[in-house]
Amino acid sequence: MAEATALTRLADRLRDFPARPDTKIMEVCGTHTVAIRRFGIQRLLPETVQLVSGPGCPVCVTPGSFIDEAVALARQGVTVTSFGDMLRVPGSFTSLEKERAAGCDIRAVYSPLDALQIAADCGRETVFLAVGFETTAPVIAAAALKALEKKITNFSLLTALRLVPPALKALIVADTRLSGFLLPGHVSAVIGKAAYDFLTEHRLPGVISGFTAEDIISSLLCLLDMHNKGIYKIMNNYPRAVRDNGNEKSMAVLAEVFEPVDAEWRGLGAIPASGLRLRPAYAALDARQRFTIKTESAAPRRGCRCGDVLRGLIDPPACPLFNKGCRPDRPLGPCMVSSEGSCSAWVTYG
Amino acid sequence: MDKILLAHGGGGSKSAELTRLVFQRFLRDPLLLEMDDAARLPGQVFTTDSFVVRPLFFPGGDIGRLAVCGTVNDMAVMGAEPLYLSMAFIIEEGFPLAQLEKILASIARAGRESNVRIVCADTKVVEKGKADGMFITSAGIGRPAFQKPVLSSRVRPGDGILLNGPLGLHGISVLTARGEFGLRATVKSDVAPLWGLIKKCRNLDVPFMRDPTRGGLAQTLNELACKKKFGVRIREDQLPIPKKVAAVCDLLGFDPLHIANEGKVVMVVARRDADKALKILRRQPLGKGARRIGEITAENPGRVVMATKAGSERIVMPPVGEILPRIC
């Protein structure tokens, strides 16, 4: 038996917490999903508490048609750059990983600035697949500004950026059984605490959490305590990274380059003003305007229930394909592809 | 599968799939099908390996040192003393002679360190742009030297699992040497020949050894547990993960248990010899950081489970696909 540490004592408090029956907490962020299962926190929950994953994995909520667009660009001879996780996501007929093996120029990067550098070095038309939430959007906006400043004219963006608060709004209207939200740390560092105030109008508490086991367990304890007492507040349990007003500079860069647009989410459908597109002044950087992108889409994959997983309606094992037809080494749905997807996290960490 | 993907070279489940579904349809020698790091011939072990690391030089080593150590270690973990190596070089037109000399000097040094003789070699030159500098293919012959056979079929519940030092250094070293991701931390690779360390345990009962290279500790432990009647249980608080490795992994979303090592050995030691083995390892320079990281269990057959620092547990799976291509 391991010796008691501050962490194991915190874990014991969670295990023994007198939570109300049918408590359902959603962790919004994919990084939290992975962290929870890596630390085994889901096994420490009181019996009456259910933890469900939300729509906070960028790869997972990006519609399949976006992959089709990226493949069409790559097949035109455009250099396609992307965060690595997107490469294995199956589109209607193929994935970027397979297209790379077939000879398309597709490169994994860790930052849009690396993509910009590739554009500057290779001289060919280079498109960056701009996916992600408020965390990545400011960096992508900065890359766009830098492209203009350095006159790198062969660089453009294929955008599928998404915003977290509108998705949460759509979720709580659709599902009234949620008891509270474990709110994302990185996104909140950009948008700040006030962005979640609408939750309290729906009588829901939220706690912004960091990513260590201590952070997550203490945040869950806060949430359960507020839920028990009927307190509906947004708490910042990650003050070492998140300020109440967020990062105003990042938000300003984001707002300079992008504007909200109605957007399609995998599983959640169309949500008003939940995506970002380039403002008209930056239209020259829009890959959809620069290139003619023709795609044909296949019927959605039968049996795949990523949509329901993303809404927190089912746990991954309730999907008929889970760990059978759909596995991390040959994924069908995006929740199995992305390392932050909840299906992948369930298989990987048990 | 109609084309080879980078993921097929990752050493994880995709590599296993390629081996099973393609290679084993054509190459069916019973010794090959054993899928060990080296083939057990009568009185000898025989192994081969290729090296495509990018960049050729990285903190703590280079492709030459890697080639010697990788080949030597594949024999050492079979409980065999490495004796002879071959080295074949595929070099790109225009390759600087000074770099070739540096790599050869490093091969000679690593050979002396491991006490092996490099007794045959070959060179081919290909057109510029066709080999990314240099690739090396090696082979090795060794002689079994352990008193009791190193055979995973002899692993029993209660056996201890030892590891000789910190995890993840090689993979993170090569990764940061590439200068990608704006990472500037320098991490020195752990690449080292392990026979000098391993041979100290040759009189003990060690039913399994493996160097956790591509796919990391997670891959090695899963290969050990796969399709067996026993399980593997490790303790997170006993895993030596250096701060720099943990930081880079956090940043890039990697699991340190998936990162390659080139100077580490995982040893399963029979229960009664485990403490003795740990003491012996700790007296050696390459074993100073040795720890007992877990046990073989009767529970969870076929699976690797980790007791987490939070007092919970999780399973440990091998990596899927390409974590870091061309790491060795």
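The values are calculated or read from the model by the stated rules, or taken from the named source; none is laboratory data. Please read all numbers here as calculations on a predicted model, not as lab measurements. Cβ atoms come from the backbone with ideal geometry, glycine included; neighbour counts cover every protein chain shown.
Of the candidates A:Gly269, A:Gly206, A:Gly275, the single residue that is over 25 Å from A:Thr23 (Cβ atoms), at pLDDT 95 or above and of a type in the set (Gly, Ala, Ser) is A:Gly275. Inspect the stretch A:109-125 for any residue being over 24 Å from the mean Cα position of the chain (by Cα), within 13 Å of chain B (Cβ to nearest Cβ), farther than 25 Å from A:Arg302 by Cβ and at pLDDT 90 or above and give the result as yes or no. Yes, that holds for at least one residue. Just one residue in the set B:Asn261, B:Asn300 is among the polar types (S, T, N, Q), in a loop (DSSP other than H, G, I, E, B) and within 14 Å of chain A (Cβ to nearest Cβ); that residue is B:Asn300.
Before we move on, is A:Glu134 at pLDDT 95 or above and assigned by TED's automatic domain parsing to the domain that holds A:Pro260? Taking the combined requirement at face value, the residue satisfies it.
Would you mind stating whether B:Asp49 is farther than 20 Å from B:Pro318 by Cα and modelled with pLDDT under 90? Against the criterion (farther than 20 Å from B:Pro318 by Cα and modelled with pLDDT under 90), B:Asp49 does not qualify. Could you list all residues from the stretch A:168-182 that are crowded, with 16+ Cβ neighbours inside 10 Å and either in contact with an Asp or Glu (Cβ under 9 Å, 6 or more places away or on another chain) or assigned by TED's automatic domain parsing to the domain that holds A:Asp121 (or both)? Those that are crowded, with 16+ Cβ neighbours inside 10 Å and either in contact with an Asp or Glu (Cβ under 9 Å, 6 or more places away or on another chain) or assigned by TED's automatic domain parsing to the domain that holds A:Asp121 (or both): A:Ser179, A:Phe181, A:Leu182.
Counting only strands (runs of 3 or more DSSP E) wholly contained in the stretch B:1-110, the ones carrying 1 or more residues that are closer than 22 Å to B:Gly133 by Cα occupy B:44-51, B:80-92. For the stretch A:1-21, filtering for residues that are touching an Asp or Glu at 6+ places or on another chain (Cβ under 9 Å), buried (at least 16 other Cβ atoms within 10 Å of the Cβ) and facing chain B (nearest Cβ under 9 Å) leaves 2.
Number of residues in the stretch A:167-184 that are of a type outside the set (Gly, Ala, Ser) and outside any loop (DSSP other than H, G, I, E, B): the value is 8. Contact map, the stretch A:24-44: first residue of a type in the set (Asp, Glu), second residue buried (at least 24 other Cβ atoms within 10 Å of the Cβ), Cβ cut-off under 7 Å, separation 6 or more or different chains; pairs are A:Glu27/A:Thr33; A:Glu27/A:Ile36; A:Glu27/A:Ser53; A:Glu27/A:Gly54; A:Glu27/A:Leu182. The set of residues from the stretch B:226-258 being more than 15 Å from B:Ile327 (Cα to Cα), facing chain A (nearest Cβ under 10 Å) and either modelled with pLDDT under 90 or surrounded by fewer than 20 Cβ atoms within 10 Å (Cβ to Cβ) (or both) comprises B:Arg235, B:Asp237, B:Gln238, B:Asp250, B:Leu251, B:Leu252, B:Gly253. Among the residues making up the stretch B:305-328, those that are at the interface with another protein chain (Cβ under 10 Å from one of its Cβ atoms), over 18 Å from A:Ser339 (Cβ atoms) and of a type outside the set (D, E, K, R) are B:Val305, B:Ala307, B:Thr308, B:Ala310, B:Gly311, B:Ser312. Quick one: A:Thr348 ticks every box in (1) of a type in the set (S, T, N, Q); (2) modelled with pLDDT of 90 or more; (3) crowded, with 20+ Cβ neighbours inside 10 Å bar one, so which box is it? Going through the list (1) of a type in the set (S, T, N, Q); (2) modelled with pLDDT of 90 or more; (3) crowded, with 20+ Cβ neighbours inside 10 Å, A:Thr348 breaks only (2).
Can you find even one residue in the stretch B:145-167 that is of a type in the set (S, T, N, Q), under 22 Å from B:Val266 (Cα atoms) and free of Cβ contacts under 8 Å to residues at least 60 places away in the same chain? There is at least one residue in the stretch B:145-167 that is of a type in the set (S, T, N, Q), under 22 Å from B:Val266 (Cα atoms) and free of Cβ contacts under 8 Å to residues at least 60 places away in the same chain. Considering the stretch A:22-36, and only residues there that are surrounded by fewer than 24 Cβ atoms within 10 Å (Cβ to Cβ) and charged (D, E, K, R), the residue that is nearest to the other protein chains (Cβ to nearest Cβ) turns out to be A:Lys24. Does the stretch B:12-26 contain any residue that is at pLDDT 95 or above, more than 14 Å from chain A (Cβ to nearest Cβ) and crowded, with 22+ Cβ neighbours inside 10 Å? There is no residue in the stretch B:12-26 that is at pLDDT 95 or above, more than 14 Å from chain A (Cβ to nearest Cβ) and crowded, with 22+ Cβ neighbours inside 10 Å. Whether any residue in the stretch B:271-290 is within 16 Å of A:Val34 (Cβ to Cβ) and either at pLDDT 95 or above or within 14 Å of chain A (Cβ to nearest Cβ) (or both) is what I want to check. No, there is no match, as no residue in the stretch B:271-290 is within 16 Å of A:Val34 (Cβ to Cβ) and either at pLDDT 95 or above or within 14 Å of chain A (Cβ to nearest Cβ) (or both). Taken over the stretch A:143-166, the criterion of being part of a helix (DSSP H, G or I), in contact (Cβ under 8 Å) with a residue 40 or more places away in the chain and within 11 Å of A:Phe133 (Cα to Cα) is satisfied by A:Val164 alone. Here's a check for you: in the stretch B:187-212, which residue that is assigned to a strand (DSSP E or B) and buried (at least 24 other Cβ atoms within 10 Å of the Cβ) is nearest to the chain's Cα centre (by Cα)? Top of the filtered list is B:Arg210. Are any residues in the stretch A:304-326 touching a Leu at 6+ places or on another chain (Cβ under 9 Å) and either closer than 21 Å to A:Phe39 by Cα or facing another protein chain (nearest Cβ under 10 Å) (or both), and if so, which ones? If the condition is that a residue be touching a Leu at 6+ places or on another chain (Cβ under 9 Å) and either closer than 21 Å to A:Phe39 by Cα or facing another protein chain (nearest Cβ under 10 Å) (or both), then A:Gly312 is the only one that fits. Can you list residue pairs whose Cβ atoms sit under 7 Å apart, with the first residue in the stretch B:271-294 being closer than 22 Å to B:Met306 by Cβ and the second being surrounded by fewer than 19 Cβ atoms within 10 Å (Cβ to Cβ) and of a type in the set (Gly, Ala, Ser)? Count only pairs 6 or more apart in sequence or on different chains. Listed by first residue and then by second, the contacts come to B:Arg271/B:Gly158.
Scan the stretch A:103-142 for residues that are of a type in the set (Phe, Trp, Tyr) and surrounded by 19 or more Cβ atoms within 10 Å (Cβ to Cβ) and the total you get is 2.
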